[in-house]
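Asker: A single structure is presented below for examination.
Laboratory data are not the source of any read-out in this text; all were calculated from the coordinates shown. Nothing here was measured: the structure is a model prediction, and the numbers come from that model. Quick reminder, even Gly has a Cβ in these numbers, built from the backbone with ideal geometry, and neighbours come from all protein chains shown.
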Amino acid sequence: MTEIAATPAENTRLQRALGVLRDVMARPSGAIGLTLVAFHLILAIISPWIVPYDYKAMDSLLMLKGPSGAHWLGTDHLGRDVLTRVLLGGREALLVTGIATPIAVIWGGLLGIFFGLVGGRLDEVLMRVVDAFLSLPWILKMLVLIVTFGTGIEVLIPTLAFFYGIPVIRIARAATHDVVARDFVSAARARGHGRITVIRRELLPNVLDTLMVEGAMRWSWMLLAFSSLSFLGFGVSPPTPDWGLMIADARGFMSFAPWGVLGPVIALSSLIIGINLTADALAKALGIDRAQKAPV
Amino acid sequence: MLMRRLFLGAITVWIVSVIIFAGVEVLPGDACTAFLEREAQGKLLENCREAQGLNRSAAERYFDWASGALRGDLGVSANGQKSISELVGNRLRNSLLLAVCALAVGVPTAIFLGVVTGLRRDKPVDLVFSTTAVFAMTIPEFVSATVLILVFSVWLGWLPGIVLTSAGAPVSEFFPEIVLPVIVLGMVMTAHILRMVRSSVIEVMVGDYVQMAILKGVPYWHIVFRHALPNALLPAINVVALTIAWLLGGVVVIEVVFNYPGLGRMMIDAISDRDLPVVQAIALIVATVYVGVNLTADLMTMVLNPRLRTHALRGS
């Protein structure tokens with residue numbers, strides 16, 4: 001039980017992180033997953049400098065043209081280069097979910113750990129409220145907020161961070177319950193440590209693994225939500241290139257211009273698959289059984 | 001135990017109704033400003049609010065709305081002046097039809113594949129289906145739906161890719177248009193349940209009593225069917241319930257993709273039109289369905305699990 005050690009020295013912590021990373025990379029799923037995620041992240045950063053065309057440049061002579069030497073993935077219904085838009089189409093999604101995921105995991109995790117430790121009447125009430133929130137489909141909750149406050153990223157980030165933090169409360173609370181009953185927590189309490197100290201030194205290090213895997217999963221669910229909202233027309237607004245929006249636009253021309261759909265479909269799928277493979281490998285490396293978790 | 005579950009379910013629905021009501025309440029504007037749009041000022045707005053009873057206190061209106069909902073009267077829509085219960089009726093039936101078809105296809109497939117992958121853990125068959133399941137559950141429904149339409153409707157021309165039947169049409173007219181939506185929904189559902197059944201089977205197979213049976217020399221299939229599966233499948237019932245709740249969000253997207261006249265598309269339309277009474281009503285229905293499904297799952301688990309049954313009889 002090495003995790004009992006209260007605050008491991010900085011270099012052992014780094015060593016453990018590297019060890020986990022090596023373990024993840026050693027698994028086929030982790031190697032493929034991390035490669036895909038890294039590829040998408042790098043692409044999102046450098047894409048503005050490598051795209052062949054302007055993403056909003058329309059050309060009425062080039063509408064719905066098939067793949068060619070000049071336009072590798074053809075053009076869309078407004079004569080815009082599909083490859084350019086596919087390369088740029090993940091930036092918004094990665095930016096929004098990349099900020100919202102850590103926020104969701106942090107606030108949900110801290111609240112869950114706190115109430116897992118404290119328990120009592122307030123905990124009971126909170127769990128009822130959490131259940132009530134979870135019983136509404138995500139799309140309804142999010143749409144009500146988005147319709148009220150608009151569709152920019154300054155609305156999407158807090159909305160996603162809020163709603164996707166709620167299930168984290170449950171997970172963190174359950175993980176805390178597993179730890180709280182152990183001897184070293186009782187020992188810390190017997191030593192007279194306050195709640196904050198117990199959370200910081202005993203609970204957080206032990207719940208962190210679960211939260212990391214949970215965070216990876218939240219990320220993929222958030223991407224699903226974000227792109228679904230875009231698809232429905234409640235996400236980013238045109239002409240900003242976004243995979244969900246592109247699929248929605250190109251769907252009508254699918255019968256004679258399938259390349260407009262296939263590009264964003266492959267890009268979005270590969271990112272989400274990459275995240276999931278990574279999460280899977282991470283869960284196995286950390287010894288957490290992810291399959292037990294509820295999908296909500 | 002049973003009474004406690006019923007009570008907790010009722011509490012959850014009640015909290016949801018408060019959240020819905022409060023949520024819509026804090027939104028700027030109300031049914032009248034949405035209905036009158038630019039003319040929403042002065043006398044016209046006041047008259048409208050009076051006619052709709054919007055000038056009363058929030059608590060009074062909540063009470064009215066909640067007691068009406070209990071009697072099955074969900075109020076009238078903001079713009080159409082139609083009874084929401086009437087509007088929702090057919091849509092709810094259509095969404096349930098979609099869900100039931102998907103369940104009928106998905107649950108047996110998921111249990112079968114879950115058991116197979118659980119028993120053949122880390123073998124090729126497990127890796128193939130487990131990995132496919134992860135993809136099926138995490139790729140957005142609109143993406144898998146679009147790909148299926150492209151393949152089966154556009155390229156192969158086997159199935160219609162869009163539903164043209166109107167909301168009130170008899171159930172038989174939805175075939176074969178409903179097939180592709182059912183496949184997409186069923187696929188996601190299968191993936192979720194499969195993973196749960198698999199991990200449950202794995203857990204049971206390493207249990208003491210299964211090990212004991214193996215050591216006693218009980219035939220393998222006898223162990224699987226008599227000892228392991230009854231215990232492994234019980235938790236699956238609750239998972240199916242949870243999955244249904246999760247899928248309600250996906251149903252909305254699928255209904256939009258296929259132009260299916262269900263509750264989900266109605267909700268999207270209502271939100272776009274800012275028809276708040278309809279949004280409230282749909283939210284309440286969905287939450288009630290969720291709680292009802294979970295209750296049913298608890299009941300089924302209780303009936304099927306001898307241990308819980310005796311507990312329930314003793315009233316603990």
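Asker: What average count of beta carbons from other chains do you get within 10 Å of the Cβ of residues in B:11-17?
Answerer: Taking the mean over all residues of the peptide, I get 4.
Asker: With a cut-off of 8 Å between alpha carbons and a minimum separation of six or more residues, what is the relative contact order of chain A in percent?
Answerer: With pairs under 8 Å counted, the relative contact order is 28 percent.
Asker: May I pose another question? Need one number: nm distance between label points at B:PHE112 and B:MET212, each 7 Å from Cα along Cα→Cβ, rounded to one decimal.
Answerer: Between B:PHE112 and B:MET212, the label points sit 3.3 nm apart.
Asker: I've got another one for you. Computed FRET efficiency, Cβ-Cβ of B:VAL303 and A:LEU78, R0 60 Å: what is it to the nearest 0.05?
Answerer: Taking R0 as 60 Å, the efficiency between B:VAL303 and A:LEU78 is 0.55.
Asker: Related question: Report relative contact order for the range B:153-267 in percent, whole number only (criteria: Cα-Cα under 8 Å, sequence separation at least 6).
Answerer: With pairs under 8 Å counted, the relative contact order is 33 percent.
Asker: Does the range A:174-248 come out rounded, prolate or oblate by the C-alpha gyration tensor, with a ≥ b ≥ c the root eigenvalues, rounded set by a/c under 1.5 and, if not, prolate when a/b is larger than b/c and oblate if not?
Answerer: Numbers: a/c = 5.67, a/b = 4.08, b/c = 1.39.
Because a/c hits 1.5 or more and a/b exceeds b/c, the range A:174-248 counts as prolate.
Asker: Using Cβ contacts closer than 10 Å as the measure, can you line up A:HIS71, B:HIS227 from fewest to most? Provide the component values of the computation, followed by the final result.
Answerer: Numbers: A:HIS71 22, B:HIS227 19.
Listed from fewest to most nearby Cβ atoms, that is B:HIS227, A:HIS71.
Asker: Shape verdict for the range A:1-140, please, from the Cα gyration tensor: rounded (a/c under 1.5), prolate (a/b greater than b/c) or oblate.
Answerer: oblate
Asker: Residue by residue through A:138-146, how many Cβ atoms from other chains fall within 10 Å of the Cβ on average?
Answerer: Partner Cβ neighbours, averaged per residue: 6.
Asker: Provide B:SER57, B:SER85 in ascending order of the number of other Cβ atoms located within 10 Å of each residue's Cβ, fewest first.
Answerer: Final ranking by Cβ density, sparse to dense: B:SER57, B:SER85.
Asker: Calculate, axis by axis, the spread of Cα positions in chain A along the three principal axes, and write the results as whole Å, longest axis first.
Answerer: Ordered largest first, chain A gives principal extents of 78, 43, 29 Å.
Asker: What dipole magnitude, in Debye to the nearest 20, does the range A:94-214 give about its Cα centre under +1 on Lys/Arg Cβ and -1 on Asp/Glu Cβ?
Answerer: For the range A:94-214, the charge dipole is close to 340 debye.
Asker: Taking the Cα centre of the protein assembly as shown as the origin and placing charges on Cβ (Lys, Arg +1; Asp, Glu -1), which of A:ILE103, A:PHE149, B:PRO181 is farthest toward the positive end of the dipole?
Answerer: With unit charges placed on the Cβ atoms, the residue in question is A:ILE103.
Asker: Beta carbons within 10 angstrom, averaged per residue: use that to sort the peptides B:256-262, B:271-277, A:27-33, highest first.
Answerer: In descending order of packing, they fall as B:256-262, B:271-277, A:27-33.
Asker: Sorted from fewest to most neighbouring beta carbons within 10 Å, what does the list A:LYS284, A:LYS56, B:LYS43 look like? Let's see the in-between values first.
Answerer: Values: A:LYS284 17, A:LYS56 13, B:LYS43 7.
Exposure proxy ranking, most exposed first: B:LYS43, A:LYS56, A:LYS284.
Asker: Relative to the longest principal axis of chain A, what angle (0 to 90°, nearest 10) does the C-alpha long axis of helix A:204-232 take?
Answerer: Rounded to the nearest ten degrees, it is 30.
Asker: Turning to a different aspect of this structure: Let a ≥ b ≥ c be the square roots of the eigenvalues of the Cα gyration tensor of the range A:94-214; is it rounded (a/c under 1.5), or, if not, prolate (a/b larger than b/c) or oblate?
Answerer: It comes out prolate by the Cα gyration axes.
Asker: How far apart, in nm, are the 7 Å Cα→Cβ label points at B:TYR62 and A:ILE42?
Answerer: So the two model labels end up 5.5 nm from each other.
Asker: To continue, here is another question. Would you mind giving the mean number of other chain beta-carbons within 10 Å of the Cβ of each residue in B:255-268, as a whole number?
Answerer: Partner Cβ neighbours, averaged per residue: 2.
Asker: Right, here's the next one. Can you give the Rg to Rh ratio for the range B:90-273, taking only C-alpha atoms and Rh from Kirkwood?
Answerer: Rounded to two decimals, Rg/Rh equals 1.08.
Asker: Could you tell me the center-to-center distance, by alpha carbons, between the range B:149-180 and the range B:223-248 in angstrom?
Answerer: Computed from Cα coordinates, the inter-centre distance equals 31 Å.
Asker: Return a single number: how many Lys pairs in the protein assembly as shown, at a sequence separation of 8 or more or on separate chains, have alpha-carbon atoms below 28 angstrom apart.
Answerer: Working: A:LYS56/A:LYS65; A:LYS141/A:LYS293; A:LYS141/B:LYS82; A:LYS284/A:LYS293; A:LYS284/B:LYS123; A:LYS293/B:LYS123; B:LYS43/B:LYS82; B:LYS123/B:LYS216.
Eligible lysine pairs with Cα atoms under 28 Å apart amount to 8.
Asker: What's the angle, to the nearest 10 degrees (0 to 90), between helix A:10-26's Cα axis and the longest principal axis of chain A?
Answerer: Approximately 50 degrees, to the nearest ten.
Asker: Distance in nm between label sites at B:THR132 and A:TYR53, each 7 Å beyond Cα in the beta-carbon direction?
Answerer: Taking the two extended label points, one gets 3.8 nm.
Asker: Continuing with the same structure: How much net charge surrounds B:LEU180 when only other residues with a Cβ under 14 Å from its Cβ are counted (Lys, Arg +1; Asp, Glu -1)? Before the final figure, lay out the partial values.
Answerer: Numbers: positive: A:ARG251; negative: B:GLU141, B:GLU177, B:GLU255.
It works out to a net charge of -2.
Asker: How long are the semi-axes of the ellipsoid equivalent to the protein assembly as shown, from square roots of 5 times the Cα gyration tensor eigenvalues, in whole Å, largest first?
Answerer: Over the Cα atoms of the protein assembly as shown, the semi-axes work out to 38, 33, 28 Å.
Asker: Determine the dipole magnitude for the protein assembly as shown: charges of +1 sit on the beta-carbon of Lys and Arg, -1 on that of Asp and Glu, nothing else is charged, the reference point is the Cα centre, and the result goes in debye to the nearest 20.
Answerer: Roughly 1780 debye, rounded to the nearest 20.
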